[in-house]
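Here's the structure we're looking at; comments come further down.
Values in this text are rule-based calculations from the coordinates and carry no lab data. Values in this document were obtained by computation on a predicted structure and should not be read as measured data. Ideal geometry is used to build each Cβ from the backbone, glycine not excepted, and the neighbour counts take in all protein chains shown.
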Amino acid sequence: MQNLHPRKFSIDRSDRERLAGHPGQVIWLTGLSGAGKSTIANALEVALYRHGSRTFVLDGDNIRQGLNKDLPFTDEGRIENIRRVAEVARLMMDAGIIVITAFISPFKRERELAKDLIGADRFCEVFVDTPLAICEARDPKGLYRKARGGLLQNMTGIDSAYERPQTPDVIVDGSTSSVQESVDAVCRLLRKVVHPVA
């Protein structure tokens, strides 16, 4: 590391944000598999895009098929998965993009590290709070069925822990809230923290 020297370039974050018309931001959706994170992320991006915002969604399954396909689904693999995602989200935020992440991100420590890396003023934690029983009933990928049948190890909520956020910026009730209500709740927060850049 001693031979690495960060390079400063002529165009910085503030220049990119002026071009975008808004600050870069990271909206971090966390919750169990099947909670509704990806569905909400998609609807939120559509709403922000229609408003003229520059956006991008980083989704757990998509990232695991590319950038992080080498990582196992162990606790250690999950920790490294979130570290890499946080680094990518920070780079995209520096480009003036509103980044929406949809990851289980089960461990409190890694979510806090992501927040520290990105910056508390640029990080909105959204907890999609859907009870395990409802997530299992939905089971859109059949993962809970496999885990209960002993065919899948380290399933979050079954034999791997999920540490609930204690003080998220937004809590979405994934059992009763509609997708639109969830998007509206996040957008209300964003109106408070994201202001147009002149």
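Worth pointing out:
- For region 123-128, Karplus couplings with θ = phi - 60° (6.51, -1.76, 1.60), whole Hz, Gly/Pro x: 10, 10, 8, 10, 9, 8
- Euclidean distance between Cα centres, region 117-166 to region 59-81, Å: 14 Å
- Restricting region 45-85 to trypsin sites (Lys or Arg not before Pro) in coil, as DSSP defines it, with at most 13 other Cβ within 10 Å: Lys69
- Among Gly77, Gly174, Gly157: highest mean-square fluctuation, GNM of the chain, C-alpha pairs under 10 Å: Gly77
- Ordered by the count of other Cβ atoms within 10 Å of each Cβ, fewest first, Ile104, Ile82, Ile134, Ile11 give Ile11, Ile134, Ile104, Ile82.
- Helix-only [θ]222 nm of the chain, DSSP H runs n ≥ 4, -39500 (n - 2.57) each, per residue, nearest 500: -13000 deg cm²/dmol
- Of the GluC sites (Glu not before Pro) in region 101-198, those whose Cβ has at most 14 other Cβ within 10 Å and which sit in DSSP loop: Glu163
- Förster radius 30 Å - calculated FRET efficiency between Arg148 and His51 (Cβ-Cβ, nearest 0.05): 0.10
- Efficiency of FRET between Leu189 and Asn62 - r from beta-carbon atoms, R0 25 angstrom, step 0.05: 0.55
- Number of Lys-Lys pairs in region 13-192 with C-alpha atoms under 25 Å apart and a separation of 8 or more places or on different chains: 13.
- Theoretical gain in end-to-end length, Glu163 to Asn42 [0.36 nm per residue, Cα-Cα removed]: 41.1 nm
- Between Asp15 and Ser178, residue separation times 0.36 nm minus the direct Cα-Cα distance comes to 55.0 nm.
- Karplus-based coupling profile of region 92-97, in residue order and whole Hz: 5, 4, 5, 7, x, 9, with θ = phi - 60° in 6.51 cos²θ - 1.76 cosθ + 1.60 and x standing for Gly or Pro.
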